[in-house]
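Worksheet for the structure shown next.
The values are calculated or read from the model by the stated rules, or taken from the named source; none is laboratory data. What you see is a predicted model; the values in this text were computed from it and never measured. A quick note on method: Cβ atoms are made from the backbone with ideal geometry, for glycine too, and the neighbour counts reach across all protein chains shown. Only protein heavy atoms, including side chains, enter the accessible area calculation; ligands, DNA and RNA are left aside. Shrake-Rupley method; radii C 1.70, N 1.55, O 1.52, S 1.80 Å.
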Amino acid sequence: MPNSRNVIPGLVRMSVDMRHPDDDALVRMDRELCGATAGIARELRLECELRQVVEFAASHFDADCVASVQRAAQMLGYTSRRIVSGAAHDAVYLSRVPPTSMIFVPCKDGISHNETEDAQPEHLEAGANVLLHAVLAREGVSSSLG
């Protein structure tokens with residue numbers, strides 16, 4: 001505040017979203033953040049308050065489902081890589097019942113879960129095709145690219 005480029009702010013509010021597939025690593029990251037912010041505030045004689053709003057334990061998807069997705073992408077000629085998403089997608093909650101994995105497609109400027117998210121139709125089609133072939137393979141149905 002006062003939220004102007006030309007004024008040194010009297011109050012700054014910001015958020016930190018930490019994600020990692022290992023709970024112990026998240027604890028270490030939190031401890032480092034708390035230590036660093038306390039040290040900076042002390043050095044600059046600032047007040048600093050950290051408040052944890054929400055915490056999610058690391059979640060892991062079914063290894064066979066993930067492998068099915070990777071094989072389908074490879075079979076279709078798409079590049080793929082494993083990524084960690086700490087967002088609370090529906091699949092995280094669903095994975096507590098059936099085996100689950102997720103498929104992500106590229107978005108313009110890497111922005112997702114935002115009103116400016118923009119995925120190209122061909123990327124959406126590729127994601128849908130990967131899903132189709134991963135499901136068919138898990139069901140034992142042979143798929144053809146013809």
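Of the residues VAL97, VAL84, which single one is under 11 Å from the mean Cα position of the chain (by Cα), exposed (fewer than 14 other Cβ atoms within 10 Å of the Cβ) and at negative phi?
On the way: VAL97 fails: under 11 Å from the mean Cα position of the chain (by Cα).
After applying the criteria, what remains is VAL84.
For region 66-74, the criterion of being open to solvent by 40 Å² or more (accessible area, probe 1.4 Å), under 18 Å from the mean Cα position of the chain (by Cα), on the phi < 0 side of the Ramachandran plot and of a type outside the set (Val, Ile, Thr) is met by at least one residue. Residues that are charged (D, E, K, R), touching a residue at least 40 places away in the same chain (Cβ under 8 Å) and surrounded by 10 or more Cβ atoms within 10 Å (Cβ to Cβ) within region 1-27 comprise just one, ARG19.
Within region 45-54, take every residue that is surrounded by fewer than 10 Cβ atoms within 10 Å (Cβ to Cβ) and free of Cβ contacts under 8 Å to residues at least 24 places away in the same chain and give me the one that is farthest from VAL12 (Cα to Cα).
Step by step, filter region 45-54, then rank; the result is VAL54.
How many residues does region 119-128 contain that are open to solvent by 50 Å² or more (accessible area, probe 1.4 Å) and either touching an Asp or Glu at 6+ places or on another chain (Cβ under 8 Å) or in a helix (DSSP H, G or I) (or both)? Number satisfying all stated conditions: 6.
Residue pairs whose Cβ atoms lie under 6 Å apart, separated by 6 or more positions or on different chains, with the first residue in region 63-76 and more than 18 Å from VAL92 (Cβ to Cβ) and the second part of a helix (DSSP H, G or I), are SER68/ALA134; SER68/ALA137; SER68/ARG138; ALA72/VAL130; ALA72/HIS133; ALA72/ALA134; ALA73/VAL130; LEU76/ASN129. The numbered conditions (1) assigned to a loop (DSSP other than H, G, I, E, B); (2) at pLDDT 90 or above; (3) closer than 30 Å to ALA137 by Cα; (4) charged (D, E, K, R) are all true for ASP64 except (1).
Of the residues that sit in region 28-44 and are open to solvent by 80 Å² or more (accessible area, probe 1.4 Å) and either at pLDDT below 95 or of a type in the set (A, V, I, L, M, F, W, C) (or both), which one is nearest to SER80 (Cα to Cα)? Write out each step before concluding.
Our first condition is that a residue be open to solvent by 80 Å² or more (accessible area, probe 1.4 Å); within region 28-44, this holds for 28, 31-32, 40, 42-44.
Checking the rest, the ones that are also either at pLDDT below 95 or of a type in the set (A, V, I, L, M, F, W, C) (or both) come to 40, 44.
On the way: ILE40: 40, LEU44: 45 Å.
Checking each candidate, the answer is ILE40.
For region 91-112, residues that are closer than 15 Å to LEU131 by Cβ and assigned to a loop (DSSP other than H, G, I, E, B) total 8.
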